[in-house]
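Data first, discussion second: the structure below is written as structure tokens.
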Amino acid sequence: MKMNPVVHFEMPYENRERLVKFYAKAFGWQMQKLGYKQVDVLGYSLGGGVAFRFAVQHSTMVRRLALISTGYAQDGFYPEMLPMQAQVGAGMAESMKDTLMYQSYKAIAPHPEEFPKLLDRMGEWMRMPYDWSEDVKKLTMPVMLIYGDSDMFRPEHIIKFYQLLGGGLKDAGWMREHMSQNRLAILPNLTHYEIGSAPELVRTVLPFLDSRHQSRNKGEQP
């Protein structure tokens, strides 16, 4: 399934939450159109925000959710990241031609020449404050959080995210009787910009998505 991000970024939404809600609604519509009643959802970075909102808005459609290098609030970023994100725009387009982001975009976008426009919209999006901490508690399906040990998110934020999901609050017990259904993985020697294409990511997330262990989400399909 291919969706042109430029089209959606051109929608006149004044805040991040409304924009990603639109993305999530569009994604849900696509799933229904394709005939899927329940799916496993994985999102990375910006895509993680969309995956998060989709899981909140369409919880019965999500069997398992994997969020890669994704935060639940703007204060999760290291402070020096915010002014850097604010500078994202069309002026960076030429210097990004050799990046994985551009190459991936070019491979599927119907109009690759609109990449500068996408960067402008991304910059506007990144400048919008957000805090989804209350929505984290609405996620009832099994969730896996995955980060690089040199990610752009503060370790404190990562741990708080896991705790909001119910993990990391107590010892799991001898028989795993207190173990959370959710998972946290910190992959060594990886940054935010590398983790999306790292072989370690695949080896980490597939066992979670392929798991047939009983879930606390009663609506989960085998």
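No lab work stands behind these numbers, since they all come straight from the coordinates. Given the structure is predicted, the values throughout are model-derived calculations rather than measurements. Cβ atoms come from the backbone with ideal geometry, glycine included; neighbour counts cover every protein chain shown.
Give the angle, between 0 and 90 degrees and rounded to the nearest 10, that separates the Cα long axis of helix 46-57 from the longest principal axis of the Cα atoms of the chain.
Taking Cα atoms only, the helix is inclined about 50 degrees.
Report ³J(HN,Hα) in whole Hz for each residue of the range 173-187, in order, from the Karplus equation J = 6.51 cos²θ - 1.76 cosθ + 1.60 where θ = phi - 60°; Gly and Pro get x.
Running phi through 6.51 cos²θ - 1.76 cosθ + 1.60 with θ = phi - 60° gives x, 4, 9, 6, 5, 10, 6, 5, 6, 9, 10, 10, 10, 10, 8 Hz.
Can you give me the long-range amide H partners of Y44? Hydrogens built in the peptide plane at 1.01 Å from N, cutoff under 5 Å, separation of 5 or more residues or another chain.
When sequence neighbours closer than 5 places are left aside, the close amide H contacts are I68.
Considering only DSSP beta bridges whose two residues both sit in the chain, what percent are antiparallel, to the nearest 5?
The antiparallel proportion sits near 10 percent.
Long-range amide H contacts for R183: which residues qualify at under 5 Å (H placed 1.01 Å from N, peptide plane, sequence gap of 5 or more or a different chain)?
V143, M144, L145
Grab the DSSP H runs of the chain that are 4 residues or longer, score each as -39,500 (n - 2.57), total them, divide by all residues and round the 222 nm result to the nearest 500 deg cm²/dmol.
Values: 9 runs with 89 residues, N = 222.
After summing the helix terms and dividing by residue count, I get -11500 deg cm²/dmol.
Ordered by residue, what ³J(HN,Hα) values in Hz, to whole numbers, does the range 59-73 give under the Karplus form 6.51 cos²θ - 1.76 cosθ + 1.60, where θ = phi - 60° and Gly and Pro are x?
The phi angles translate into 4, 6, 8, 10, 7, 9, 10, 10, 10, 9, 6, 10, x, 9, 7 Hz.
What ranking of S95, S211, S69 emerges when the number of other C-beta atoms within 10 Å of each C-beta is taken as an exposure proxy, fewest first?
Values: S95 9, S211 13, S69 27.
Starting with the residue having the fewest Cβ neighbours, the order is S95, S211, S69.
Take the cross-link list K21/K138; K33/K137; K37/K106; K33/K138; K33/K106 and give me the ones stretching past 20 Å between alpha-carbons.
Table pairs above 20 Å Cα-Cα are K33/K137; K37/K106; K33/K138; K33/K106.
Neighbouring Cβ atoms within 10 Å as the yardstick, rank I186, I158, I68 fewest first.
Arranged by neighbour count, lowest to highest, I186, I158, I68 become I186, I158, I68.
Could you pull out every one of the aspartates and glutamates with an alpha carbon less than 15 Å from that of K25, ignoring same-chain neighbours closer than 8 positions?
Answer for K25, where 15 Å is the Cα cut-off: E17, listed by chain and number.
Note the angle between two axes, namely the Cα long axis of helix 16-34 and the longest principal axis of the Cα atoms of the chain, as a number of degrees from 0 to 90, rounded to the nearest 10.
For 16-34 against the chain, the angle is about 70 degrees.
Specify the angular offset, from 0 to 90 degrees and rounded to the nearest 10, of the alpha carbon long axis of helix 199-210 from the longest principal axis of the alpha carbons in the chain.
The angle comes out at about 50 degrees.
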